[in-house]
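Written below as C-alpha cells is the structure these notes are about.
The values are calculated or read from the model by the stated rules, or taken from the named source; none is laboratory data. Note that the coordinates shown come from a computational prediction; the quantities given were computed from them, not determined experimentally. So basically every Cβ, Gly included, is an ideal-geometry build from the backbone, and we count neighbours across all protein chains shown. Side chains are part of the model used for accessible areas, which takes the heavy atoms of the whole protein and leaves out ligands, DNA and RNA. Shrake-Rupley method; radii C 1.70, N 1.55, O 1.52, S 1.80 Å.
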Amino acid sequence: MTWSVQQTRRFSRQYKKLQDNTAADVDAAVVEVGKNPEIGERKKGDLAALRVLKFRSGGPLYLLGYTLDEEVRLIYLEAVGPHENFYRDLKR
C-alpha cells in the first residue's frame with residue numbers, strides 16, 4: 001500500500017523560495033520518502049515526532065523534515081532548507 005504526501009504551509013512557503021535545480025532535488029527526495037518513509041533519521045527531544053532526510057543539492061547540505069501518520073498512511077512534509085538554523089526554525 002502506498003503512502004500519500006501532503007505539504008504543510010511552512011513547507012510550501014519554503015519550497016516556493018528555492019531555485020529550480022534545488023526544487024528538483026527536493027522533488028527527488030520527496031519521491032524517495034514516499035517509497036520508503038522509514039528512510040529518514042528520527043529526531044529526539046522536542047522534535048521526537050520528526051524524521052529528517054539529508055541530501056545534497058549542488059554543494060550545500062539540505063534537510064527535508066517530515067512526520068508520519070501511520071493510521072491513514074500519510075506523510076506530512078514539514079520543512080525544507082539548508083542545514084544552517086533548520087532545527088532552530090522548526091522549534092518556533
**Q.** Count of residues meeting criterion [open to solvent by less than 90 Å² (accessible area, probe 1.4 Å) and assigned to a strand (DSSP E or B)] in region 52-92
**A.** 21
Q: Only residues in region 16-27 that are in contact (Cβ under 8 Å) with a residue 12 or more places away in the chain count as the first member; pair them with residues that are in a helix (DSSP H, G or I), Cβ under 8 angstrom, at least 6 apart or cross-chain, and list the lot.
A: LEU18/VAL26; VAL26/TYR15
Q | Among (1) surrounded by 14 or more Cβ atoms within 10 Å (Cβ to Cβ); (2) in contact with a Ser or Thr (Cβ under 6 Å, 6 or more places away or on another chain) - the single one PRO37 does not satisfy | A | (2)
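Those residues that are part of a helix (DSSP H, G or I) and closer than 18 Å to GLU70 by Cβ, I need them from region 1-45; list them, please.
Taking region 1-45 as the starting set, the residues that turn out to be part of a helix (DSSP H, G or I) are 9-16, 20-35, 37-39, 45.
Across region 1-45, the qualifying residues are VAL33, GLY34, LYS35, PRO37, GLU38, ILE39.
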Q | Selection within region 42-72 - under 11 Å from the mean Cα position of the chain (by Cα) and of a type in the set (D, E, K, R) | A | ARG51, LYS54
Q | Conditions (1) open to solvent by 50 Å² or more (accessible area, probe 1.4 Å); (2) in a helix (DSSP H, G or I); (3) at pLDDT below 95: number failed by ALA49 | A | (2)
Q: Could you grab me the full set of residues in region 24-33 that are touching a strand residue (DSSP E or B) at 6+ places or on another chain (Cβ under 9 Å) and either open to solvent by less than 60 Å² (accessible area, probe 1.4 Å) or over 16 Å from LEU53 (Cβ atoms) (or both)?
A: ASP25, VAL26, ALA28, ALA29, VAL30, VAL33
